[in-house]
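Engineer: One structure, as structure tokens, below. Some questions next.
All of the numbers you see were taken from the coordinates with simple rules; none came from a lab. Predicted model, so just to flag it, every value in this text is computed and none were measured. In this analysis, Cβ positions are derived from the backbone assuming ideal geometry, glycine residues included, and neighbour counts consider all displayed protein chains.
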Amino acid sequence: MPVKDFELRSIDAERFTEKGAKRKNIRVDHNSSVTKMNHIGKGITEINFRFTASYAGMGRIELEGRLEYEGGGNDLAKKWRKTNKMPNQVANEIHSTILSNCIPESVMIARDLHLPPPIPLPKVNIPQDGDSKKKPSGGMEVA
């Protein structure tokens, strides 16, 4: 994996509503973005990023950090500074790393702020007594 180092530098989160307030249809949007990219030598690029989980009118969680990406070198950083774009494969690796590290962290922060977790929870569908002859829905089986 070309990502060699990952660290969070800033955590900012707040809940806009009261703890007991109930809302239906809570929408959670995720966004990860690269904010800065610099070549730091030996084919390694330092990438600063921001991850945001937004709860429409309910709250937000924002994490900022940096990672080191091995590969691409100075050309990757120069191209990004000119166009704010990078090759799709590189973007996939970088944003996948950001999400796989920031989502678990934001789940813990959401718990502390009494916000719903910023991931979709699986739906459990246990058939009623008379519904046992219906075909399974094809989803995950829970016992």
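Engineer: Separation of segment 73-95 and segment 26-51 by C-alpha centroid, Å?
Structural biologist: 10 Å
Engineer: Determine the equivalent ellipsoid of the chain by diagonalising the alpha-carbon gyration tensor, then write out the semi-axes as square roots of 5 times the eigenvalues, largest first, rounded to whole Å.
Structural biologist: Listed largest to smallest, the semi-axes of the chain are 38, 21, 12 Å.
Engineer: Looking at the chain, which longest stretch skips every one of the GluC sites (Glu not before Pro) that is in a DSSP loop with at most 14 other Cβ atoms within 10 Å, leaving the sites themselves out?
Structural biologist: 19-140
Engineer: How large is ³J(HN,Hα) for each residue in segment 63-69, as worked out from phi by the Karplus curve 6.51 cos²θ - 1.76 cosθ + 1.60 (θ = phi - 60°), to whole Hz, x for Gly and Pro?
Structural biologist: 10, 10, x, 9, 9, 10, 10
Engineer: Oh, and also: I need Leu113, Leu76, Leu63 ordered by Cβ neighbour count within 10 Å, fewest first.
Structural biologist: Taking fewest neighbouring Cβ atoms as first place, the list is Leu113, Leu76, Leu63.
Engineer: Further question: Please give me, ordered by residue number, the chymotrypsin sites (Phe, Trp or Tyr not before Pro) of segment 8-107 that lie in loop per DSSP and have at most 16 other Cβ atoms within 10 Å.
Structural biologist: Hits after loop and neighbour filter: Phe16.
Engineer: Run the count for segment 1-99, please: Lys pairs, Cα-Cα under 19 angstrom, 8 or more apart or on different chains.
Structural biologist: Summing the qualifying lysine pairs gives 8.
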